[in-house]
Amino acid sequence: MHPEAIAESHFSSPEVQRHAARLGMWAFLATEILLFAGLFVGYMEYRSLYHESFVQGGKHLDAVLATIETAVLITGSFAVAMAHHYTLSDRSGRAAVGLLIGAATGIAFLALHGVEYITHFREGALPGKYYTFPEIRTAGASMFFTVYFLLTGLHSLHVLAGTGVLVWLAALAARGTFSHQTYSAVENGGLYWHLVDLIWIFLYPLLYLIS
Amino acid sequence: MSPSAVEAALPARSYLNAETTLRSWLLTTDHKRIGVMYLVLILISLFVGGMFALLLRFELLTPGPTYIDAITYNRFFTLHGIVMVWFFLIPSIPSVFGNFFLPIMLGARDVAFPRLNLASVYIYLIGAAFTLAAMIHGGADTGWTFYTPYSSTTATTVTPVLLGIFILGFSTILTGINFIVTVHTMRGPGQTWMRLPLFVWAIYGTSIIQVLATPVLGLTLLLLFVEHAFKFGLFDPARGGDPLLFQHLFWFYSHPAVYIMILPGMGVISETVSCFARKNILSYKAVAYSSLGIAFVGFFTWGHHMFVSGQSNFDSGAFGVLSMFVAIFTSIKVFTWVGTMYGGAIAFKTPFAYICGFLYFLVFGGMTGIAVATISLDVHWHDTYFVVAHFHFIMVGASLMAFLAALHYWFPKMFGRTYPEGWGLVSASLIILGFNATFIPQFLLGNMGMPRRYYNYPEKFQTLHVASSAGATLLFFGFLIIFIYLVIALKYGQPAGDNPWGSRGFEWNTSSPPLPQNFEKTPVFEGQPHDYSTPVLEVSHAS
């Protein structure tokens, strides 16, 4: 038996309720994009002010590790997309597995990023007044790491939140809460996860690749 | 007393008496009750913010120290700004009247996400608690704009204030998302976009700004918090940071925020003017689309706050011209309202008095806005009382007029009883007079060179300062009268009947106060809103 869609009393039909949930999520995603937009503006400004330091800083970051992190996140997004697909075709067990894989990639990403952070802490490649890294001494070198830590830190917080959401959705999916009629939560959780992924897709080249 | 007034009685069942326990209020998901809860919270904020204003005006009665020291004065004007901007003006009309009337106007039983709606109230309360805690610990002295690098180094309790406003932002965002989705998905049968009441259009435009601009403020405050706590140097020139980046980010939110404050007010005026002129709105589409125009252009004007901050002349010129675009959309509205009044059968009731006050403050404040958007003039007026008077005229004077118009217009619908019309007109006159008396001297002071936020001033400015303080006192008494008669009217007012104004607004088709589920059966929308072209026999204005 799959759960039937029953609209809450103030909606005229389940279809309208799903539409509302989807639209609300997109509006929320717009707020997330604008939240990051301010930091991207900061990145642009300081990159143009301290171009040399941003080039040096970018070269110093571990691009190989970041590439693995990118691959991990994309794998997770694929798993979540499959979970959405399985939910629509009423295969809850597989959907739960997909969501769990997504959550696992979130944890793996955070662990890998933790490795990056530990390296920077050891080197003293830290923001503002904590900056003691001897290798890059150009003007605004600490600003690169300020921007780096703020951008990746805010993003990692979102990965953490997204991981929590995926674990919760996986638990619900395992209990058979979702079906091809009641999939809004999986869809919205998935959208959130894809956004978190997408933001990383911008961070990855800006911080690690271009020079 | 007309016969219909004798027959009018409160309906047996309404959202107010369906459940009466405290729990039923605190855990309600009914948009009407949430609107009423916001009304209470917002009136408390207005009182707190207003008290700070009065304390400031008393201090400024004499040059030099009057009764508080300079640091306390700085803290008072900061808290006045913070409370008034974020805890009163921004949530005022959307969260109170938007919550209460948007679903009813659309023919919906509730907003799309009622639980998020309730959550927004509690988030507002948590944000307020942080800010209150900061106040008790002495409060910040940065001004409501938190300009860096001062704000990242001040020893006053700035961090809980930042957190408080950051948290409050989520309340605004949730309300905005809720309204956007409600307008898109919850419209009743026959309710097309071109039949939306004009208040809904304005709230819709406002919600878009709330959703797109508030996260930028959230980020900016978060960065400032990090800056203050950990000294990352992002905005600190001593560490290679750029304080102008802060100003850009701050005004990217805070200029659109001005339209968060004024657009709902414009919606109220569009909604009410045809009722009191008993005429169809001159051009529905012009008003509806100009709301969206303001919401759009409002995002590209922030640089006019930074003419003297060191941005390039080209930027300043562009921002100056873009700022004037707002005036085009605004004047489209103003001409439409005045054109609607022209030749109408005006019923000069309290809400109409506030409509007139709104037009006056909007035009006066708007014209001085054009003046300060002109770079060469702004260099003279920047950071003087002229700017203070300008933005108080437009974002406080006009918004407040609209808030009070809405409060009086919808009071009978919300609570089922009428307020005393005579006292309404008395207090409206007092408030309009008091507002002028407070801020016209400030225009003059600013033009003579009085800088804003100063504790001290030369003796020759004293007369105008005293006049301004006297005006503020007049304002206080105006509000006191309103508060007293509305509280009395809540219990002893005449039952209003379903439609005391004879309004054609959709919300007047329900009972006053409305049923818990808004309607007996889902209404079907067949005509345009604000349609006064055919006479209705039972029209009788409340007396």
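What follows is calculated from the coordinates using simple rules that are stated; it is not laboratory data. The shown structure was predicted, so the numbers you read here are calculated from the model rather than taken from an experiment. Every residue, glycine among them, receives a Cβ derived from its backbone with ideal geometry; neighbour counts consider all protein chains shown.
Quick look at the numbers
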quantity: Spin-label pair B:ARG23/B:THR192, simplified geometry with 7 Å Cα→Cβ offset, distance in nm; calculated: 4.8 nm
quantity: Tail beyond 17 Å, pair distance distribution of segment B:396-514 (Cα, percent); calculated: 63 percent
quantity: Cα→Cβ-extended label distance, 7 Å offset, between B:PHE335 and B:GLU520, nm; calculated: 4.6 nm
quantity: In Å, descending, principal axis extents of the Cα set of segment A:14-209; calculated: 59, 29, 24
quantity: Cα extents of the protein assembly as shown along the three principal axes, largest first (Å); calculated: 84, 80, 45
quantity: Prolate/oblate/rounded call for segment A:1-72, Cα gyration tensor, a/c under 1.5 rounded; calculated: oblate
quantity: For B:ARG417, distant residues with modelled amide H under 5 Å away; calculated: B:ALA496
quantity: Shape category assigned to segment B:256-300 from the gyration tensor of Cα positions, a/c cut at 1.5; calculated: oblate
quantity: Peptide-level mean, for A:141-153, of C-beta atoms on other protein chains within 10 Å; calculated: 3
quantity: Whole-Hz ³J(HN,Hα) from phi, Karplus 6.51 cos²θ - 1.76 cosθ + 1.60, for segment A:111-126, glycine and proline x; calculated: 5, 4, 5, x, 4, 4, 4, 4, 4, 5, 5, 4, 6, x, 7, 10
quantity: Cα-projected label distance for A:LEU49 with A:ASP90, points at 7 Å along beta-carbon direction, nm; calculated: 6.0 nm
quantity: Taking A:HIS113, B:HIS31 and counting other C-beta atoms within 10 Å, the order from fewest to most; calculated: A:HIS113, B:HIS31
quantity: Sequence-distant residues sharing a close amide H with A:PHE133 (under 5 Å, placed H); calculated: A:LEU126
quantity: All Cα pairs of segment B:370-420, percent lying beyond 12 Å; calculated: 69 percent
quantity: Chain B, relative contact order in percent, only Cα pairs under 8 angstrom and at least six apart counted; calculated: 19 percent
quantity: P(r) histogram, all alpha-carbon pairs of segment B:46-117 included - 5 Å bins from 0, percent; calculated: 3, 15, 17, 15, 10, 9, 8, 7, 6, 5, 3, 1
quantity: Paramagnetic reach from B:LEU377 in segment B:323-340 [backbone N under 16 Å; point 7 Å along Cα→Cβ]; calculated: B:323-328, B:331
quantity: Peptide A:27-37 - average C-beta neighbours from other chains (10 Å radius); calculated: 6
quantity: Residues B:ASP69, A:ASP62, B:ASP378 arranged by fewest to most Cβ contacts within 10 Å; calculated: B:ASP69, A:ASP62, B:ASP378
quantity: Mean shadow area of segment B:247-363, taken as a quarter of the surface of its Cα convex hull (nm²); calculated: 7.3 nm²
quantity: 3J(HN,Hα) from dihedral phi, segment B:289-297, Karplus parametrisation 6.51/-1.76/1.60, rounded to Hz, x for glycine, proline; calculated: 6, 5, 4, 5, x, 5, 4, 6, 5
quantity: Length gained when the stretch A:GLU15-A:THR138 is fully extended (0.36 nm per residue, less Cα-Cα span); calculated: 38.5 nm
quantity: Global geometry of segment B:339-436, whether rounded, prolate or oblate, following the gyration tensor of its Cα atoms and the 1.5 cut on a/c; calculated: prolate
quantity: Measure of compaction for segment A:40-110 (Cα Rg per 2.2 N^0.38 Å); calculated: 1.63
quantity: Whole-number D in µm²/s for chain B (Stokes-Einstein; Kirkwood sum over Cα pairs; 25 °C, 0.890 mPa s); calculated: 103 µm²/s
quantity: For A:102-110, mean number of other protein chain Cβ atoms within 10 Å; calculated: 0
quantity: Simple Cβ-charge dipole of segment B:433-543, Lys/Arg +1 and Asp/Glu -1, about Cα centre, in debye nearest 20; calculated: 640 debye
quantity: Burial ordering of B:ILE394, B:ILE136, fewest other beta-carbon atoms within 10 Å first; calculated: B:ILE136, B:ILE394
quantity: Packing-based ranking, highest mean first, of B:271-284, B:205-218, A:178-191 given that Cβ atoms within 10 Å are counted; calculated: B:205-218, B:271-284, A:178-191
quantity: Relative contact order computed over segment A:14-209 (Cα-Cα under 8 Å; 6+ residues apart), in percent; calculated: 33 percent
